[in-house]
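Heads up, the thing below is written out as structure tokens.
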């Protein structure tokens, strides 16, 4: 059974490009581990309004063991 990790970020006005650049680095080959997510989805409102600063990130893993292994890898990596 798949496991879905959901993260909601509130990005400060004018910092969206910095946030997206940081996500690009996080998704680079530099951070490849033995267990990787099955899928990655990013949601951002493009309609002007009070919620345009929110970014929702869904990361899907094969199962709970994969989620645990990737989380352990991330916690052990200081970068």
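The values are calculated or read from the model by the stated rules, or taken from the named source; none is laboratory data. What you are looking at is a predicted structure, and each value in this text was computed from that prediction instead of being measured. Neighbour counts are summed over all protein chains in view; Cβ atoms, including those assigned to glycine, are modelled from backbone coordinates with ideal geometry.
General remarks:
- Among the residues of segment 33-52, those that are in a strand (DSSP E or B) and more than 22 Å from residue 63 (Cα to Cα) comprise 43, 44.
- Test: residue in segment 19-28 that is surrounded by 10 or more Cβ atoms within 10 Å (Cβ to Cβ), at pLDDT 90 or above and not in a helix (DSSP H, G or I): no
- Restricting the first member to segment 11-22 and to residues that are closer than 12 Å to residue 52 by Cα, and the second to residues that are assigned to a loop (DSSP other than H, G, I, E, B) and at pLDDT below 90, the beta-carbon pairs closer than 7 Å and six or more apart or on different chains are 11/53; 13/53.
- Restricting attention to segment 29-57, the residues that are more than 21 Å from residue 67 (Cβ to Cβ) and either surrounded by 13 or more Cβ atoms within 10 Å (Cβ to Cβ) or touching a residue at least 12 places away in the same chain (Cβ under 8 Å) (or both) add up to 5.
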